[in-house]
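A short worksheet on the structure shown next.
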Amino acid sequence: TRCNENQQRCRYRAERTVGIPLVAIVGALITAAFIWFIAGSSRAHTMQLVLIGVGAAMFLNAAIVWIMAETDLERSTQAKVWLTGSLNGRDWGNAWPVVGCVLVVCASAGWLAFRLSALVLGEQTAHVLGVNVRLATMIQLLCAVVLSAVAVSAAGPIAFIEFVTPHIARFAAQ
């Protein structure tokens, strides 16, 4: 029986450390594809894409509230704690999927470095320089979606980070 308990603990730990980030990545990719599909021909207009994303986020938040209202109090309370976002109670087991994804995405970012610097000059100039603009944009969005999904799966959606991140990225890029 002790051996079975250890096996169950190991399986639970593996599901928590690998399963949750994997499900988060799949969910984020489905959501991103849905937003990309809904945007249709207006993908070139960044503001419309952002507004469609905000609408999708509002819909998904409403779905989360509905699911929490339909579950029992204990699960709803656990979900609310996770939805608040915190690093409390996290260990290195939660960090390894994040580290693995960051390494893979950093390798992709290294491949994208020239293409993204060419995109700064404009889509037509980048195309003349031989950059597949659509592929570079898709990979850039894919990297952002995967990093966001893994970070949220590890710590939950920490609200103030979404307001600070663009400023930190702009400062780091200079």
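Within segment 76-99, residues that are over 16 Å from Val23 (Cα atoms) sit with their Cβ atoms under 6 Å from residues that are of a type in the set (Val, Ile, Thr) and modelled with pLDDT under 80, at 6+ positions apart or across chains, in these pairs: Gly85/Ile158; Gly93/Thr17. For segment 153-161, the condition of being small (Gly, Ala, Ser) and in contact with a Pro (Cβ under 9 Å, 6 or more places away or on another chain) holds for at least one residue.
Filtering segment 23-37 down to residues that are of a type in the set (Phe, Trp, Tyr) and in contact with a helix residue (DSSP H, G or I) (Cβ under 9 Å, 6 or more places away or on another chain), which residue is farthest from Ala154 (Cα to Cα)? Step by step, filter segment 23-37, then rank; the result is Trp36.
The values are calculated or read from the model by the stated rules, or taken from the named source; none is laboratory data. Remember, predicted model here, so these are calculated numbers, not experimental data. Heads up, the Cβs are rebuilt from the backbone with ideal geometry, glycines too, and the neighbour counts pull from every protein chain shown.
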